[in-house]
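**Student:** A single structure is presented below for examination.
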There are 2 protein chains.
Amino acid sequence: MAATIYEVAALAGVSPATVSRVLNGAAVSPGYAAKVREAATALNFRPNRTARTLRRQSSEIIALIIPDIENPFYTALARGVEDRALAAGYSVVLCNTDDQHDKEARYLDIAISEQMAGVVLAPASARTDIDALLARNTPVVTVDRSTHGHAVDAVLMDNTDGGRAATSALYDEGFLRVACITGPRDVETADQRADGWREVFTAHSPRVKAENYLRRANYRVDGGRAAMADLMRMRRPPDAVFVANNLMSVGALQHLLSIDMEPPAIGLASLGDLPFTTWQKKGVTVLPWPGRRLGLTAADLLLSRIGGDHGPARTIITRGSDEDDPTG
Amino acid sequence: MAATIYEVAALAGVSPATVSRVLNGAAVSPGYAAKVREAATALNFRPNRTARTLRRQSSEIIALIIPDIENPFYTALARGVEDRALAAGYSVVLCNTDDQHDKEARYLDIAISEQMAGVVLAPASARTDIDALLARNTPVVTVDRSTHGHAVDAVLMDNTDGGRAATSALYDEGFLRVACITGPRDVETADQRADGWREVFTAHSPRVKAENYLRRANYRVDGGRAAMADLMRMRRPPDAVFVANNLMSVGALQHLLSIDMEPPAIGLASLGDLPFTTWQKKGVTVLPWPGRRLGLTAADLLLSRIGGDHGPARTIITRGSDEDDPTG
DNA sequence: ACCGTTCCAGAAATCGATTTCAGGGTCAAG
DNA sequence: CTTGACCCTGAAATCGATTTCTGGAACGGT
């Protein structure tokens, strides 16, 4: 059914080796080359990538492993990776882990045993184990989050500073007690963003125990909604809240609208754009959180590793927004 | 670096064939089996999938090819496919085509030459060519959209009826002139949804040329925004609009808010939920458009084909919402 | 005219797992 | 005791492309 290189060779009257050489640009006399190309076209020949990968010990596919495909931050990141990778001749396949270690392990295993050219990984948690990947010299770049104790390239945002800046912005607007909704325990970005918040909170309310005004949720809409509701039930509720990611901000805002307390009645600062928003009014502070840019940078780094860059592991802290393209 | 089956065999003191049998559940005496398992663990052996795929002529990966990874409808669909596929022991990789035929062709080519177990495809357009896939007997299920002239399984929504229902709902609310914003030319869902609208529109305004109140945009937020703006600039603007997908509805709503004409000042009916919405007021009619359900159904169908079901091609028109799970 | 390169093509090895095939052993029935 | 059936096991073929190795032809220099 599928034409093989042997059939092409037979039709062109040459050996399979010659066919391979023609298709890979090695030196072959023009007469044979033409014959081979003609035969390949006639048979609609497409080289079997499995065989090629087995022999070459490396495919031309990059795996992108992300925790939540339904979060527009990660899909923007995916687009960034994709744009760079396709331009460099690689294809990208996306794998969704749902923040579950077993699904993540499964996809990491696939990346290894399919001998993929490289992996861009947003780890489910710091416990993610990439030793197997490193042991086989597969280039890896972690993005958005890092893994614990691995000497591996990382492209990150300054989370602590993000938390600080967002919280400060609210105090600057005149709010007096800024709560925080952050992500799950043992997700490093969640802790760091909360750290930034805690620092500013404590400076403004030294007598109040910060943890009372800290909520942890699952980085998704429902989590933000529930956490916001929980905060508003406090005996002394906050008058503003720093929400540590885009989706939870949506949830928080949904809850505030439902109890008729829309910003700026209560202050709200979000790390990352509200996706697909129809919220036009003032009162929500948005700090850009450039997923696409992270993806572009990570892909550039990964491609340079695939290209043979064996320098020591680098950590890049990205700043700026999606609008400015990093030089690549 | 990577342990092979030969090394495991050597360590266990058996032949590679026996190692393979142990790992694949064929009959092997318990003593050897234990030795092999021990050796495999000691060497941290992971079978090379490339080699396995080459020999078996089929991998255990399902490709899901979608036109816009940033559209929550498709990510919900992806989750549906994923849930079913993972449960059945297959892994899913996601490929994003951006509605571009060249990117789509590239991924289709990969699906073939990586010998993937099956493909769930939301075609960029009816011109998408899947002959190569069919020629190699790779199971294919198209979803959301179909391809022209291929006898292939399809899981679709009733687009025409959706357009009809959404438009009727607006007239029932008392609006008098319902415009339509649909997707690009030569995308079948766009045409069908517009057909449904046209039917109802013409019944209500037999003297008006329907095409005057029809706009085509790119199925994304900016497209919806621009199309809405265009409609409002008409000498005689509509008093309501049927918007044919979720993202364009967001854009349309954004424009209406910006000119201070928020629903229900103007009627708006959307095919599909407004994603991540913070819009709480009435005045927007939403017809459920269950992406996840489509994905579940498509995966079920694909898995049955992979399992050897060679019956004639089926077309399934999905109804209902994401809440009810299809029996699978 | 002879020798040493250079160039190009084919034969064969290779990647690593699976699977067919063939043979050796065991066991039961005759 | 022999024969047949059955079960394991290992040797070897296989999947399809790439790449090394080998050798023949052509060509240039002396």
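The values are calculated or read from the model by the stated rules, or taken from the named source; none is laboratory data. These figures come from a predicted structure and were not determined experimentally. All Cβ positions, glycine included, derive from the backbone under ideal geometry; neighbour counts span all protein chains shown. Accessible surface is based on the protein model in full, side chains and every heavy atom, while ligands, DNA and RNA are left aside. Shrake-Rupley method; radii C 1.70, N 1.55, O 1.52, S 1.80 Å.
**Student:** Which pairs turn up if I take residues in region B:210-226 that are at positive phi and look for partners that are crowded, with 18+ Cβ neighbours inside 10 Å and at pLDDT 95 or above with beta carbon separation below 6 Å, at least 6 apart in sequence or on another chain?
**Tutor:** Short answer, once both residue conditions are applied: B:Y219/B:G183; B:Y219/B:N245.
**Student:** Separate question: Within region A:5-25, work out how many residues are open to solvent by 40 Å² or more (accessible area, probe 1.4 Å), hydrophobic (A, V, I, L, M, F, W, C) and near DNA strand C (Cβ under 8 Å from one of its atoms).
**Tutor:** The total comes to 1.
Residue by residue, here is whether (1) more than 28 Å from A:D273 (Cα to Cα); (2) open to solvent by less than 10 Å² (accessible area, probe 1.4 Å); (3) more than 21 Å from the chain's Cα centre (by Cα); (4) more than 14 Å from chain B (Cβ to nearest Cβ) holds:
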residue: A:T142; (1), (2), (3), (4): no, yes, no, yes
residue: A:S146; (1), (2), (3), (4): no, no, no, yes
residue: A:H150; (1), (2), (3), (4): yes, no, no, yes
residue: A:G163; (1), (2), (3), (4): no, yes, no, yes
residue: A:S168; (1), (2), (3), (4): no, no, yes, yes
residue: A:C180; (1), (2), (3), (4): no, yes, yes, yes
residue: A:V187; (1), (2), (3), (4): no, yes, no, yes
residue: A:A190; (1), (2), (3), (4): no, yes, no, yes
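**Student:** Give the residue that is farthest from DNA strand D (Cβ to nearest atom), with candidates limited to residues of region B:2-34 that are among the small types (G, A, S) and closer than 13 Å to B:F45 by Cβ.
**Tutor:** Checking each candidate, the answer is B:A3.
**Student:** Which residues, taken from region B:275-291, are surrounded by fewer than 21 Cβ atoms within 10 Å (Cβ to Cβ) and either within 16 Å of B:V155 (Cβ to Cβ) or in contact with a Ser or Thr (Cβ under 6 Å, 6 or more places away or on another chain) (or both)?
**Tutor:** B:V286, B:P288
**Student:** What's the number of the condition A:A51 fails, among (1) free of Cβ contacts under 8 Å to residues at least 12 places away in the same chain; (2) more than 10 Å from chain B (Cβ to nearest Cβ)?
**Tutor:** It fails just one condition, (2).
**Student:** Can you tell me which residues in region A:72-101 are touching a residue at least 40 places away in the same chain (Cβ under 8 Å) and at the interface with chain B (Cβ under 9 Å from one of its Cβ atoms)?
**Tutor:** Within region A:72-101, A:P72, A:T75, A:A76, A:A78, A:R79, A:E82 meet the criteria.
**Student:** Hey, does region A:26-37 have a residue that's of a type in the set (K, R), buried (at least 17 other Cβ atoms within 10 Å of the Cβ) and over 24 Å from B:D131 (Cβ atoms)?
**Tutor:** Yes, region A:26-37 contains at least one residue that is of a type in the set (K, R), buried (at least 17 other Cβ atoms within 10 Å of the Cβ) and over 24 Å from B:D131 (Cβ atoms).
**Student:** Can you name every residue in region B:227-285 that is small (G, A, S) and touching a residue at least 24 places away in the same chain (Cβ under 8 Å)?
**Tutor:** Once the filter is applied, which keeps residues that are small (G, A, S) and touching a residue at least 24 places away in the same chain (Cβ under 8 Å), region B:227-285 yields B:A227, B:A229, B:A240, B:A244, B:S249, B:G251, B:A252, B:G267, B:A269, B:S270, B:G272.
**Student:** If you don't mind, there's one more thing I want to ask. In region B:169-268, which strands (runs of 3 or more DSSP E) lie fully inside it and hold 2 or more residues that are over 20 Å from B:D68 (Cβ atoms) and touching a helix residue (DSSP H, G or I) at 6+ places or on another chain (Cβ under 6 Å)?
**Tutor:** Working: elements: B:178-182, B:214-216, B:240-243.
Qualifying strands (runs of 3 or more DSSP E): B:178-182, B:240-243.
**Student:** For A:G174, which of the numbered conditions (1) within 14 Å of another protein chain (Cβ to nearest Cβ); (2) at positive phi; (3) not charged (D, E, K, R) fails to hold?
**Tutor:** (1)
**Student:** Filter region B:1-39 down to the residues that are in a helix (DSSP H, G or I), within 14 Å of chain A (Cβ to nearest Cβ) and either touching a Leu at 6+ places or on another chain (Cβ under 9 Å) or of a type in the set (V, I, T) (or both) and list them by number.
**Tutor:** B:I5
**Student:** Here is a follow-up. Any idea which of A:A78, A:A3, A:A63 is modelled with pLDDT under 95 and aliphatic (A, V, I, L, M)?
**Tutor:** A:A3
For every residue, the table says whether it meets (1) in the same structural domain as B:A226 (by TED's automatic domain parsing); (2) modelled with pLDDT of 95 or more; (3) surrounded by fewer than 24 Cβ atoms within 10 Å (Cβ to Cβ); (4) out of contact with any strand residue (DSSP E or B) (no Cβ under 9 Å at 6 or more places or on another chain).
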{"residue": "B:P238", "(1), (2), (3), (4)": "yes, yes, yes, no"}
{"residue": "B:A244", "(1), (2), (3), (4)": "yes, yes, no, no"}
{"residue": "B:H255", "(1), (2), (3), (4)": "yes, yes, yes, yes"}
{"residue": "B:L268", "(1), (2), (3), (4)": "yes, yes, no, no"}
